[in-house]
Amino acid sequence: MCLFCKIINKEIPANIILEDSNFIAFHDINPKAPVHILAIPKIHVDSFNEISSELMAKMTTFIQDVAKEVNIEKSGYRVITNVGDNGGQEVKHLHFHILGGARLKWGHFADADPQGHF
Ligand code: AMP
């Protein structure tokens with residue numbers, strides 16, 4: 001069973017923000033912003049490549065509800081999902097990073113020159 005499935009099953013503790021029948025949101029163990037939450041589907045989906053449009057529609061509402069729950073919906077936030085090796089995905093259970101609580105930096109993500117890819 002994957003790490004996040006164990007969190008869903010309450011076999012591994014997590015600091016849970018919001019939960020319903022389809023999704024769960026909890027604080028990232030290694031926060032990269034003052035607010036750093038992970039929102040995940042309860043069914044195991046490997047990555048964004050595999051999620052259905054029906055479940056993604058519900059996931060969108062859940063992420064919006066998480067942002068309201070922690071009061072960052074007005075101040076602003078960033079939603080990121082890393083996909084695969086180049087995306088830097090370490091946990092192979094779809095998760096959306098919800099980052100906020102401060103002005104986030106926006107920069108040069110790749111080791112390679114971005115101009116070289118167009
Ligand atoms: P990614 O690199 O997109 O796969 O992100 C995985 C995220 O999971 C990282 O930000 C980790 O800090 C976070 N993480 C790993 N283990 C745990 C855990 N037990 N509880 C909460 N967050 C975790």
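The values are calculated or read from the model by the stated rules, or taken from the named source; none is laboratory data. Everything numeric here is computed off the predicted structure, so don't read it as measured data. Reconstructed Cβ throughout: ideal geometry from the backbone, glycine too, with neighbour counts over all protein chains shown. For accessibility, only protein heavy atoms count, side chains too; no ligands or nucleic acids. Shrake-Rupley method; radii C 1.70, N 1.55, O 1.52, S 1.80 Å.
Does Asn15 meet the test of being open to solvent by 80 Å² or more (accessible area, probe 1.4 Å), of a type outside the set (A, V, I, L, M, F, W, C) and more than 10 Å from the ligand (Cβ to nearest atom)? Taking the combined requirement at face value, the residue does not satisfy it.
Counting only residues that are farther than 19 Å from Met1 by Cα and in a loop (DSSP other than H, G, I, E, B), how many does segment 12-27 have? Full working, then the answer.
So the first thing to find is which residues in segment 12-27 are farther than 19 Å from Met1 by Cα, and the list is 15-21, 27.
Within this subset, residues satisfying the condition of being in a loop (DSSP other than H, G, I, E, B) are 15, 20-21.
Count: 3.
Evaluated against (1) surrounded by 10 or more Cβ atoms within 10 Å (Cβ to Cβ); (2) more than 15 Å from the chain's Cα centre (by Cα); (3) not hydrophobic (A, V, I, L, M, F, W, C), Pro41 falls short on exactly one condition, (2). All of (1) part of a loop (DSSP other than H, G, I, E, B); (2) under 20 Å from Ile8 (Cα atoms); (3) among the basic types (Lys, Arg); (4) free of Cβ contacts under 8 Å to residues at least 40 places away in the same chain hold for Lys58 with one exception: (1).
Within segment 18-43, track down each residue that is among the β-branched types (Val, Ile, Thr) and either more than 14 Å from the ligand (Cβ to nearest atom) or closer than 13 Å to His95 by Cβ (or both).
Pass one, segment 18-43, residues among the β-branched types (Val, Ile, Thr): 24, 29, 35, 37, 40, 43.
Ile24, Ile29, Ile37, Ile40, Ile43, listed by residue number.
Considering Asp65, Asp46, which residue is surrounded by 14 or more Cβ atoms within 10 Å (Cβ to Cβ) and either more than 16 Å from the ligand (Cβ to nearest atom) or β-branched (Val, Ile, Thr) (or both)? It would help to see each step written out before you state the result.
Details: Asp46 fails: either more than 16 Å from the ligand (Cβ to nearest atom) or β-branched (Val, Ile, Thr) (or both).
Being surrounded by 14 or more Cβ atoms within 10 Å (Cβ to Cβ) and either more than 16 Å from the ligand (Cβ to nearest atom) or β-branched (Val, Ile, Thr) (or both) holds for just one of Asp65, Asp46, which is Asp65.
Here Lys6 fulfils each of the conditions (1) part of a loop (DSSP other than H, G, I, E, B); (2) surrounded by fewer than 17 Cβ atoms within 10 Å (Cβ to Cβ) apart from (1). The sole residue among Asp65, Asp46 that is over 12 Å from His97 (Cα atoms) and not in a helix (DSSP H, G or I) is Asp46.
Filtered by the rule that a residue be open to solvent by 40 Å² or more (accessible area, probe 1.4 Å), modelled with pLDDT of 95 or more and within 16 Å of the ligand (Cβ to nearest atom), segment 89-118 gives Glu90, Lys92, Gly101, Leu104.
When only residues in segment 77-88 that are β-branched (Val, Ile, Thr) and either open to solvent by less than 30 Å² (accessible area, probe 1.4 Å) or touching a residue at least 24 places away in the same chain (Cβ under 8 Å) (or both) count, which is farthest from the ligand (Cβ to nearest atom)? Reasoning before the result, please.
Narrowing segment 77-88 to residues β-branched (Val, Ile, Thr): 79-81, 83.
Keeping just the survivors that are either open to solvent by less than 30 Å² (accessible area, probe 1.4 Å) or touching a residue at least 24 places away in the same chain (Cβ under 8 Å) (or both) gives 81, 83.
Working: Thr81: 7, Val83: 9 Å.
Here the residue is Val83.
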